[in-house]
Amino acid sequence: MLWSLTKVVLFVVIIAALALGAAFLAESGQALRIIVAGWEFTIGPVQAVVLGVLLFVAVWLILKILGLLGATFRFLNGDETAISRFFDRNRERKGYRALSEGMMALASGEPRLALTRAQNAERLLGKPELTTLLVAQAAEAAGDHKRATEAYKTLLQDNATRFVGVRGLLQQKLAEGDREVALKLAEKAFELRPKHAETQDILLKLQSDAGDWSGARATLGAKLRTGALPKDVYRRRDAVLALQQARTVIDDEASIEAREAAIEANRLSPDLIPAAAMAARGYIAKGDRKNATRVLKKAWEVLPHPDLAAAFAEIEPNEAPQDRLKRFRTLTNARPEDDESKMLLAELLLATEDFPAARRALGDVATRAPTQRSLAILAALARGEGAEDSIVRDLVARAIAAPRGPQWVCDKCHAIHDGWQPVCENCGSFDTLSWKTPPANAATSPVLAELLPLMEARPGPDPEPEVAAQPEEPPLPLEEIARRAN
């Protein structure tokens, strides 16, 4: 509306300026004398201006007529396309001008004007590989998704522009949230351009979201072959995908394939904790306890983790506490300085009721890095050694309020996950979960429930009945609790 008003005002101003100029020339009284071959012509200033304009138009028409006559002469000499080329040059010139104006309008943030210019260029040039793409982009920017879809479908008809059309439709489906159709379009785009980095990333993300782990591994291999991924990153991510493939096979109750996939995932990345645990369970299912022990020990040397200890316990599920303690020395001696090894050894000694040795194994973990698990172990130790009920209650209260300790945390968005996943459920990032202490804690550790029987089973004579309920005392400092428990 504003632009239309501006054009009207500009037209009125130009007409007024021309009228004022003509009036000024008429009032000047000057005349133009032209003498040709003895003939003398006297014309006024306004007539001179009009004559000049007519002369310019006449010269332009003469040049055009000469060009047409030249084209006709060439046509008569056997050039069958001479006349058509003469007229096509004008159309082509106008078409390219409209195309350039449309591109400038699109870059300037004027999608409606860009769409109009693109449609003009499409009509004048007849080159869809140039104009249809601009029409599609301009229509998309203007919010005309139906027109954009039609343009992208037009691009599919030409081999030279098919990939561009598929990519445009793919972006539309992703924006609409239609991931099923988007996956099919991404597969087609990958088939047309397997080395296109953006298409590889989109296809890998869609395949991972759809649970197509074998397809995702093939796409990841294409990224390696094109040099888009370093080899070490490829091996790690391929191991992650192989692990998820193994989990899917397990869900389908095909144990042989599951074992093979899990073992392959562990081979590709021995430091991947879930892969090591699953591979060990695969060996256990085959009765190969030696290889199960080897896999878990190697992973424990990289990063001690409770899941590895749980899988290690499954190698001999019915062994006595003393035998289990002896067998677990394979793990605890591999990284004796690690807090996880210390807490694991303390828990094993608690099961054998060797409370002094369990306290020595725990060391200063509970005071140096108090977590739910370390404080729960300390409370079980205090109960097992016959400490006062107030001390045990204080330790249990501290354990409930303490941080949970290391968890699976996304390196990108810092979201906490209950278990390892290949894709962060919060931000959608791939292979970003690490076992580390989160910045804050909101969950309670299940270790309290696991150690509750040890806290309640107090050895020695029964305690004397309490005389009367006393008001609760404020919690003692942790160092004081440890001193009194000793």
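Read-outs: derived from the displayed coordinates by stated rules, not from any lab. On a predicted model such as this, the values are computed, not experimentally measured, just so you know. Cβ coordinates were reconstructed from backbone atoms using ideal geometry, including for glycine residues, and neighbour counts include every protein chain displayed.
Quick rundown of the values:
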| read-out | value |
| --- | --- |
| Inter-part distance where the range 139-175 and the range 330-390 are each reduced to a Cα centre, Å | 64 Å |
| Set of lysines near Lys64 by C-alpha distance (under 22 Å), chain-local residues within fewer than 8 positions excluded | Lys94 |
| Theoretical gain in end-to-end length, Val57 to Asn333 [0.36 nm per residue, Cα-Cα removed] | 89.3 nm |
| Protection-proxy order for peptides 316-324, 111-119, each taking the mean of Cβ atoms within 10 Å per residue, highest first | 111-119, 316-324 |
| Dimensionless Rg ratio for the range 170-229, taking C-alpha atoms and the 2.2 N^0.38 Å reference | 1.03 |
| Global form of the range 95-181, assessed from the alpha-carbon gyration tensor, a/c cut-off 1.5 | oblate |
